[in-house]
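The values are calculated or read from the model by the stated rules, or taken from the named source; none is laboratory data. Keep in mind the model is a prediction, meaning the values are calculated, not measured. As a convention, Cβ positions derive from the backbone with ideal geometry for all residues, glycine included, and neighbour counts pool all protein chains shown.
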Ligand code: SF4
Ligand code: SF4
């Protein structure tokens, strides 16, 4: 074991791991964090805490992660390179680890243009691959990125994202390989709706043996309505929602669309768990956390292993 | 070249408000090429300023000059005989030219008529695009001759991000994804395998991170 991370331990059992997501609120509202987290408790192994998601100001991932720790949950502390330079990021990593946070996700983040501070300077001192390298260096070499020694180095289990649906598709396996080379331990993918395409990507991943070097969690987001399906298809960069899926959502009456979305999600997990190289599921039920227990149970991922 | 665009007329008028005589100074270099501040643009702005002043019922005396290079003290010196006769200088050069005038003529106000934008190249008639951010430690040899610092919206050195689609950047369909271009070029050069070399964290000291930069060449001093 490289770390004390519960997620790492679950992966090591060989069972499918499950993570959820908690998006911090746009206000100093600790109860919102706690309520969301409480809905996930017992049904997931760890909970991603997003970092100024969609480039909108929210309660910091660090602070919200600390609330989760206090509830005896295991946060996956997300960090985007957009908002902070390497000094700020490394000091947050020290702080987080000191609060018992030992799992993180390294991202570059959505462009500022998509958020409510489009006028902000975006930092990008490091990119996500360089952040992975930095966190690994802190852990394995006990050194800051600048080279100085760290007293009691933070031992982070290091995650990153992969989007098999972005272009150029032929480059997407190589991009994963690059993250593996940089030292990533686990991957959470973009929400998967186009399962055929995901399978093609995974074939490429397995052909190179990358699934043996990194745990890959398939990203899942239940759709609440046909409107959401259309929005994701058209407006969200790097999202691939096949027409059949939009049609299937549109084909049921409005009041039954949410249930249809959950059904699709459970069916997807059932198919994806058979795909070689899939080590778990990352369920991003955005502002719909209360549905996670149902999804996890119906997909046969409950109870969660005790590690 | 350094590219620039003319400021809005109202902003220029406001900056020279209260001046009766101004010296409008263009530059023969980059801003001429990008049609922002050469002899032609100087003439156009001079008449526009006079018309705008007339409308306000004021007289404005505009003297026009276009220097060979406004960022070069040797040419800026040509302004010396005229400076005493004007209330202010309005510069149509890039920010370097404006500052060179300010440095040489300590008691004369100088205003920029342009917004200096980027270091770029022409992509066709009337189109210029950013190419370089002067990071001081050029990576182009590693990235197939396409700059990820200037041309990737997130400055990724190991892209592309998950937002790249159909060759375009996630920020706009009008912006090419730099990493898509890099990848295509690597394929053309037959060096795809180099893509997986991780480019490590950059030392920004050679760029803005190190504070204002200077070049000192002992051999030329
Ligand atoms: S790598 Fe640096 S010097 Fe080279 S083109 Fe890009 S910004 Fe300019
Ligand atoms: S889409 Fe391409 S150019 Fe735009 S931010 Fe991502 S990698 Fe950079």
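If we scan segment B:74-87, do we find a residue that is touching a strand residue (DSSP E or B) at 6+ places or on another chain (Cβ under 8 Å) and part of a strand (DSSP E or B)?
Going residue by residue through segment B:74-87, those that are touching a strand residue (DSSP E or B) at 6+ places or on another chain (Cβ under 8 Å) are B:75-76, B:78-79, B:82-83, B:85-87.
After this cut, where a residue has to be part of a strand (DSSP E or B) as well, the list is none.
Within segment B:74-87, not a single residue is touching a strand residue (DSSP E or B) at 6+ places or on another chain (Cβ under 8 Å) and part of a strand (DSSP E or B).
Tell me the residue from A:260, A:267 that is away from chain B (no Cβ under 14 Å) and more than 21 Å from residue A:165 (Cα to Cα), please. Spell out the reasoning first.
Values: A:267 fails: more than 21 Å from residue A:165 (Cα to Cα).
Exactly one residue qualifies, and that residue is A:260.
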Any chance segment B:186-199 includes a residue that's away from chain A (no Cβ under 13 Å), at pLDDT 95 or above, touching a helix residue (DSSP H, G or I) at 6+ places or on another chain (Cβ under 6 Å) and away from ligand 2 (no atom under 16 Å from the Cβ)? no
Spot the failing condition for residue B:106; the list is (1) assigned by TED's automatic domain parsing to the domain that holds residue B:15; (2) crowded, with 17+ Cβ neighbours inside 10 Å, and only one is missed. (2)
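Hey, among B:170, B:100, B:123, which residue is more than 10 Å from ligand 2 (Cβ to nearest atom) and not assigned by TED's automatic domain parsing to the domain that holds residue B:9? Spell out how you get there, then give the answer.
Working: B:170 fails: more than 10 Å from ligand 2 (Cβ to nearest atom); B:100 fails: not assigned by TED's automatic domain parsing to the domain that holds residue B:9.
When all the criteria are applied, what remains is B:123.
Condition test on residue B:218, is it over 15 Å from residue A:125 (Cα atoms), in contact with a strand residue (DSSP E or B) (Cβ under 7 Å, 6 or more places away or on another chain) and more than 9 Å from every other protein chain (Cβ to nearest Cβ)?
On the way: over 15 Å from residue A:125 (Cα atoms): yes; in contact with a strand residue (DSSP E or B) (Cβ under 7 Å, 6 or more places away or on another chain): no; more than 9 Å from every other protein chain (Cβ to nearest Cβ): yes.
It is false that residue B:218 is over 15 Å from residue A:125 (Cα atoms), in contact with a strand residue (DSSP E or B) (Cβ under 7 Å, 6 or more places away or on another chain) and more than 9 Å from every other protein chain (Cβ to nearest Cβ).
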A careful count of residues in segment A:90-129 that are in a helix (DSSP H, G or I), touching a strand residue (DSSP E or B) at 6+ places or on another chain (Cβ under 8 Å) and either more than 11 Å from every other protein chain (Cβ to nearest Cβ) or in contact (Cβ under 8 Å) with a residue 60 or more places away in the chain (or both) gives 3
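Yes/no matrix, rows are residues, columns are (1) under 23 Å from residue A:64 (Cα atoms); (2) touching a helix residue (DSSP H, G or I) at 6+ places or on another chain (Cβ under 8 Å):
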site	(1), (2)
A:102	yes, no
A:105	yes, no
A:110	yes, yes
A:127	no, no
A:141	no, no
A:145	no, yes
Of all residues in segment B:91-136, how many are at negative phi and assigned to a loop (DSSP other than H, G, I, E, B)? 11
When the residues of segment B:137-181 are filtered to those that are at the interface with another protein chain (Cβ under 10 Å from one of its Cβ atoms) and outside any loop (DSSP other than H, G, I, E, B), which remaining residue is nearest to ligand 1 (Cβ to nearest atom)? B:149
Tell me, which residue of segment B:130-149 that is touching a helix residue (DSSP H, G or I) at 6+ places or on another chain (Cβ under 8 Å) and more than 14 Å from residue B:199 (Cβ to Cβ) is nearest to ligand 2 (Cβ to nearest atom)? B:130
Subset of segment B:182-207 [within 25 Å of the chain's Cα centre (by Cα), part of a loop (DSSP other than H, G, I, E, B) and surrounded by 18 or more Cβ atoms within 10 Å (Cβ to Cβ)]: B:202
Filter result for residue B:116 (at pLDDT 95 or above and either within 14 Å of ligand 1 (Cβ to nearest atom) or surrounded by fewer than 13 Cβ atoms within 10 Å (Cβ to Cβ) (or both)): no
